[in-house]
1. Take the solvent-accessible surface of the protein heavy atoms, probe 1.4 Å, and return the percent of it on the chain that carbon and sulfur atoms account for.
2. Report Rg/Rh for the chain, rounded to two decimals, where Rg is the Cα radius of gyration and Rh the Kirkwood radius.
3. Determine the calculated [θ] at 222 nm for the chain from helices alone, applying -39500 (n - 2.57) to every DSSP H run no shorter than 4 residues and normalising by the residue count; nearest 500 deg cm²/dmol.
4. So if we plug the beta-carbon distance of Arg75 and His164 into 1/(1 + (r/R0)^6) with R0 = 35 Å, what FRET efficiency do we get, rounded to 0.05?
5. Could you do me a favour and compute the accessible area per residue for the range 105-147, 1.4 Å probe, result in Å²?
6. So, in Å, what gap is there between the alpha-carbon centers of the range 55-88 and the range 121-140?
7. Report the percentage of all Cα-Cα pairs in the range 143-204 whose separation exceeds 14 Å, rounded to a whole percent.
Amino acid sequence: MTSLHHYSVNRLARFNKKGRPAKDTEPDYFVWKIEGGIASTIEERSIRLRRKSCFILATNQQDTTELDEEELKRRYKQDQQRVERGFRFLKAPQFLASTLYLKKPERVMALLMIMTLSLLIYATIEYRIRTELDKKNEVFPNQKGIPISNPTVRWVFQRFSGIHELTISQDQVLIVNLKPSQLLILRLLGEAFQKIYSGTRRLV
């Protein structure tokens with residue numbers, strides 16, 4: 001708590017005309033000047049600093065023997081950049097969140113839930129791709145064409161543009177323009193993802 005100590009309130013005369021007024025001239029108006037010293041209670045200041053320095057971490061792991069407070073904080077700090085990068089992705093213009101105007105609180109909460117779920121899926125796919133690339137000693141070209149083992153999902157998604165379906169007959173649909181790098185990602189993600197681009201179809 002901050003308080004004012006040894007203060008004084010002084011009334012100062014002011015004149016509308018410039019220059020030094022005559023000795024017996026009456027002031028046109030007065031202003032008040034407060035002087036003093038500001039001091040804070042050390043204990044209260046320490047409490048507020050500690051409160052300001054705190055942040056909340058949430059986890060669904062209830063067993064403290066598996067994940068105690070120190071380990072939770074360590075893991076968060078370890079992946080903090082990745083988490084913040086994910087939320088920065090939600091604010092990106094490509095996500096188009098700023099184009100939505102929602103007035104009702106429940107709709108804002110629903111949008112927040114969808115965005116958070118999207119971020120969870122985004123992070124999960126990115127983790128899986130990077131883990132499989134590292135496990136199978138594979139690489140994926142980045143924006144400069146340099147082979148890397150830790151691509152972002154955003155870049156992987158961009159690399160999947162230009163794929164088309166070519167319908168030849170009711171029983172035959174070809175997936176065209178699939179490149180080796182795209183086939184690599186599908187193979188790493190597993191059969192469920194491969195079926196999306198194949199199933200009863202043929203890959204070309």
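The values are calculated or read from the model by the stated rules, or taken from the named source; none is laboratory data. Just so it is clear, the model here is predicted, and its values are computed rather than measured. Here the Cβ positions follow ideal geometry from the backbone for every residue, glycine too, while neighbour counts run over all protein chains shown. These area figures cover heavy atoms from the full protein model, side chains too; ligands, DNA and RNA do not enter into them. Shrake-Rupley method; radii C 1.70, N 1.55, O 1.52, S 1.80 Å.
1. Values: 9240 of 16910 Å².
Within the chain, the accessible surface is 55 percent carbon and sulfur.
2. Details: Rg = 32.2 Å, Rh = 24.4 Å.
We get a ratio of 1.32 for the chain.
3. Dividing the helical sum by the residues of the chain leaves -13500 deg cm²/dmol.
4. Working: r = 42 Å, r/R0 = 1.21.
For Arg75 and His164, the calculated efficiency is 0.25.
5. Values: 3210 Å² over 43 residues.
I get 75 Å² per residue for the range 105-147.
6. After rounding, the separation between the Cα centres reads 21 Å.
7. For the range 143-204, the fraction of Cα-Cα distances above 14 Å is 60 percent.
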